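The values are calculated or read from the model by the stated rules, or taken from the named source; none is laboratory data. Everything numeric in this text was worked out from a predicted model, so none of it was measured. Cβ sites come from the backbone with ideal geometry, for glycine too, and all protein chains shown count toward neighbours.
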Amino acid sequence: MSAIAAGAMAASACQEPGARSATTPAQRTPSTPAATSPAASPPPDVALVQKMSVAEKVGQLFMPTIPGSTPSAGAALVKRYHLGGVIYFPVNLRTPRQTAELSNGLQKAAMKNGGVPLAISTDEEQGPVSRLPYITRFPANKELASTKHPDDDVRVAAQVTGEELRAVGINQDNAPDADVNINPHNPVIGVRSFGADPQKVAHLVGVAIDAYRATGVAVVAKHFPGHGDTATDSHTGLPVINHTKAQWERIDAPPFKAAIAHHADVIMTAHIVVPGLDKSRLPATMSKTVLTGLLRDKLGFHGVIITDSLQMTGATTKFGPEEAGVRAVVAGADMLLMPRNLDRAYNAVLTAVQSGRISRARLDDAVTRIIRMKNERGMFRSPYVAAAKASHVIGSKEHREAARKVAADVRSSG
């Protein structure tokens, strides 16, 4: 694909899974006077994107589910669509070693197919949203926030979770939840949130992000612009949140501002309508006013924006699943999570790029952010994990002891 990608393949393909590469193919460099001169070369991440075909760039936008617990079927999808990432669910996860081998197999397919590693994600929030059947267990965020030592307990839970995810090759966690749950009848957030106090939620979101990032896992704060005040589940309907802009600033915004301040790698969108933020009443995932105008321009988020699952009813109530994906990219989303039909969704975005509906500049902007995030999180430098060692990290003596201490804190707090 390019000298950069070739370097990535040479550094990675010649090593056994589990070995670490000594080079970082897309390393960002500080700005210098020479970098601004007309003759200067573009930054390596930009140079890599410039060398990619349109089909390869479009593939980087997608993070679908994969079938089974062995690499073959998933690897075929990675190669066919040049995928930017995949998301794991329990059907993919049996044992630590099996998961690590699955991750290595998928990464091998990606590295041989252009040299861009995968973002391998899962929804491991702990509490009620936990995907890994063998992970060391911690209570839900609301319980962690209610102990006498919430900072310590949130930090420990995120640290152990991040370490165990990385051990099995999961390099992106779709956590923490940054919603302020002020509606006690909320059917979808509830105890996933750190609570109803915007400032406390914001503080603990920052604590969690710092701890996750220290383990090397990319962090995903969700669900922007805030899913905490709804009585409708966006999995089954399209919620409307009637916060004014002033209410949004006071209630929903603080945790996302904290997430940005603590360098969240990714922010996930919500399939919700907030008329106070966008009078068009478009779902936030498809709203340029919300994603580009608010999240990018006003709040200054420069990381990757990913949609919530495009299989959810909230994403497809106003538009079909393929149209929803195209509109999300036009609005400012960089990655499309879990399209209902990968082939149709991919071709819809490809067609939109070829027709000019999605501009080449918008596509390059999205892919550059994705490549940059992968580089900064070490995915180019170390795409593989040591599968034989995974079971020694998962449920280690130290991790079990940490979980027991946190659980004791929760019990003592009533």
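Considering only residues that are closer than 22 Å to ALA202 by Cα and part of a loop (DSSP other than H, G, I, E, B), which ones fall in the range 264-295?
Matches in the range 264-295: ALA264, ASP265, ALA270, HIS271, ILE272, VAL274, GLY276, LEU277.
Between LEU118, LEU83, LEU48, which is within 20 Å of ASP265 (Cβ to Cβ) and free of Cβ contacts under 8 Å to residues at least 40 places away in the same chain?
Values: LEU118 fails: free of Cβ contacts under 8 Å to residues at least 40 places away in the same chain; LEU48 fails: free of Cβ contacts under 8 Å to residues at least 40 places away in the same chain.
After ruling out the rest, the residue left standing is LEU83.
Go through the range 342-365 and count every residue that is closer than 22 Å to ALA109 by Cβ and not charged (D, E, K, R).
Of the residues in the range 342-365, 6 are closer than 22 Å to ALA109 by Cβ and not charged (D, E, K, R).
Of all residues in the range 306-319, which are surrounded by fewer than 24 Cβ atoms within 10 Å (Cβ to Cβ), farther than 17 Å from PRO64 by Cβ and either without any contact (Cβ under 8 Å) to a residue 60 or more places away in the chain or not β-branched (Val, Ile, Thr) (or both)?
LYS318, PHE319
Return the residue satisfying two criteria in turn: it lies in the range 219-263 and is of a type outside the set (Gly, Ala, Ser), assigned to a helix (DSSP H, G or I) and touching a helix residue (DSSP H, G or I) at 6+ places or on another chain (Cβ under 8 Å), and of such residues it is surrounded by the fewest Cβ atoms within 10 Å (Cβ to Cβ).
ARG250
Given the conditions (1) at pLDDT below 95; (2) surrounded by 20 or more Cβ atoms within 10 Å (Cβ to Cβ), which single one is not true for PRO187?
Against the list (1) at pLDDT below 95; (2) surrounded by 20 or more Cβ atoms within 10 Å (Cβ to Cβ), PRO187 comes up short only on (2).
Taking the range 327-348 as the search range and keeping residues that are over 19 Å from LEU294 (Cα atoms) and of a type in the set (D, E, K, R), which one is surrounded by the most Cβ atoms within 10 Å (Cβ to Cβ)? Show your work before the answer.
Looking only at the range 327-348, we keep the residues that are over 19 Å from LEU294 (Cα atoms), and these are 336-348.
If we keep only those that are of a type in the set (D, E, K, R) too, we end up with 340, 343-344.
Working: ARG340: 18, ASP343: 11, ARG344: 14.
Among residues in the range 327-348 that are over 19 Å from LEU294 (Cα atoms) and of a type in the set (D, E, K, R), the one surrounded by the most Cβ atoms within 10 Å (Cβ to Cβ) is ARG340.
Of (1) touching a residue at least 24 places away in the same chain (Cβ under 8 Å); (2) of a type in the set (D, E, K, R); (3) assigned to a loop (DSSP other than H, G, I, E, B), GLU322 satisfies all except one. Which?
The one condition GLU322 does not meet is (3).
Matching residues to (1) under 28 Å from ASN375 (Cβ atoms); (2) out of contact with any His (no Cβ under 9 Å at 6 or more places or on another chain):
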residue: VAL201; (1), (2): no, yes
residue: LEU204; (1), (2): no, yes
residue: GLY216; (1), (2): yes, yes
residue: ILE241; (1), (2): no, no
residue: TRP248; (1), (2): no, yes
residue: PHE256; (1), (2): yes, yes
residue: ILE260; (1), (2): yes, no
residue: ARG281; (1), (2): no, yes
residue: SER287; (1), (2): no, yes
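If the requirement is being surrounded by fewer than 21 Cβ atoms within 10 Å (Cβ to Cβ) and out of contact with any Asp or Glu (no Cβ under 9 Å at 6 or more places or on another chain), which of these qualifies: LYS148, LYS142? Walk me through how you get there before you give the answer.
Numbers: LYS148 fails: out of contact with any Asp or Glu (no Cβ under 9 Å at 6 or more places or on another chain).
Just a single option satisfies the conditions, and that option is LYS142.
So, of the residues in the range 273-302 that are among the basic types (Lys, Arg) and over 16 Å from ARG362 (Cα atoms), which turns out to be surrounded by the most Cβ atoms within 10 Å (Cβ to Cβ)? I'd like the intermediate steps shown before the answer.
Within the range 273-302, the first condition is being among the basic types (Lys, Arg), and the residues that meet it are 279, 281, 288, 296, 298.
Checking which are over 16 Å from ARG362 (Cα atoms) leaves us with 279, 281, 298.
Values: LYS279: 8, ARG281: 12, LYS298: 10.
The selected residue is ARG281.
Give me the pairs: first residue in the range 222-248 and charged (D, E, K, R), second residue assigned to a helix (DSSP H, G or I), beta-carbon distance under 9 Å, and six or more apart or on different chains, which are they?
Cβ pairs passing all conditions: ASP229/GLN247; ASP229/ILE251; ASP233/THR313; ASP233/GLY314.
Answer yes or no as to whether ASP151 is among the acidic types (Asp, Glu) and farther than 28 Å from ALA348 by Cα.
Values: among the acidic types (Asp, Glu): yes; farther than 28 Å from ALA348 by Cα: yes.
Criteria met by ASP151.
Do you know which residues across the range 196-218 are part of a loop (DSSP other than H, G, I, E, B) and among the small types (Gly, Ala, Ser)? Talk me through it step by step, then tell me what you get.
Taking the range 196-218 and keeping what is part of a loop (DSSP other than H, G, I, E, B), we get 196-197, 215-217.
Of everything in the range 196-218, those that are part of a loop (DSSP other than H, G, I, E, B) and among the small types (Gly, Ala, Ser) turn out to be ALA196, GLY216.
Please go through the range 28-57 and pick out each residue that is among the β-branched types (Val, Ile, Thr) and at pLDDT below 50.
Matches in the range 28-57: THR29, THR32, THR36.
Return yes when ARG372 is out of contact with any helix residue (DSSP H, G or I) (no Cβ under 9 Å at 6 or more places or on another chain), among the basic types (Lys, Arg), farther than 19 Å from VAL54 by Cβ and in contact (Cβ under 8 Å) with a residue 40 or more places away in the chain and no when it is not.
Values: out of contact with any helix residue (DSSP H, G or I) (no Cβ under 9 Å at 6 or more places or on another chain): no; among the basic types (Lys, Arg): yes; farther than 19 Å from VAL54 by Cβ: yes; in contact (Cβ under 8 Å) with a residue 40 or more places away in the chain: yes.
Taking the combined requirement at face value, the residue does not satisfy it.
Could you grab me the full set of residues in the range 172-188 that are part of a loop (DSSP other than H, G, I, E, B), touching a residue at least 40 places away in the same chain (Cβ under 8 Å) and not acidic (Asp, Glu)? So that I can check it myself, show each step before the final result.
Our first condition is that a residue be part of a loop (DSSP other than H, G, I, E, B); within the range 172-188, this holds for 174-176, 178-188.
This time we only want the ones that are touching a residue at least 40 places away in the same chain (Cβ under 8 Å), so: 174-176, 178-183, 185-188.
Those that are part of a loop (DSSP other than H, G, I, E, B), touching a residue at least 40 places away in the same chain (Cβ under 8 Å) and not acidic (Asp, Glu): ASN174, ALA175, PRO176, ALA178, VAL180, ASN181, ILE182, ASN183, HIS185, ASN186, PRO187, VAL188.
Among the residues of the range 298-319, which ones are within 19 Å of VAL240 (Cα to Cα) and either among the small types (Gly, Ala, Ser) or touching a strand residue (DSSP E or B) at 6+ places or on another chain (Cβ under 8 Å) (or both)? It would help to see each step written out before you state the result.
Step one: list which residues in the range 298-319 are within 19 Å of VAL240 (Cα to Cα), which gives 307-319.
Answer for the range 298-319, where residues must be within 19 Å of VAL240 (Cα to Cα) and either among the small types (Gly, Ala, Ser) or touching a strand residue (DSSP E or B) at 6+ places or on another chain (Cβ under 8 Å) (or both): THR307, ASP308, SER309, LEU310, GLY314, ALA315.
May I ask you to verify whether LEU83 is among the hydrophobic types (A, V, I, L, M, F, W, C), crowded, with 19+ Cβ neighbours inside 10 Å, in a helix (DSSP H, G or I) and at pLDDT 95 or above? So that I can check it myself, show each step before the final result.
Numbers: among the hydrophobic types (A, V, I, L, M, F, W, C): yes; crowded, with 19+ Cβ neighbours inside 10 Å: yes; in a helix (DSSP H, G or I): no; at pLDDT 95 or above: yes.
No.
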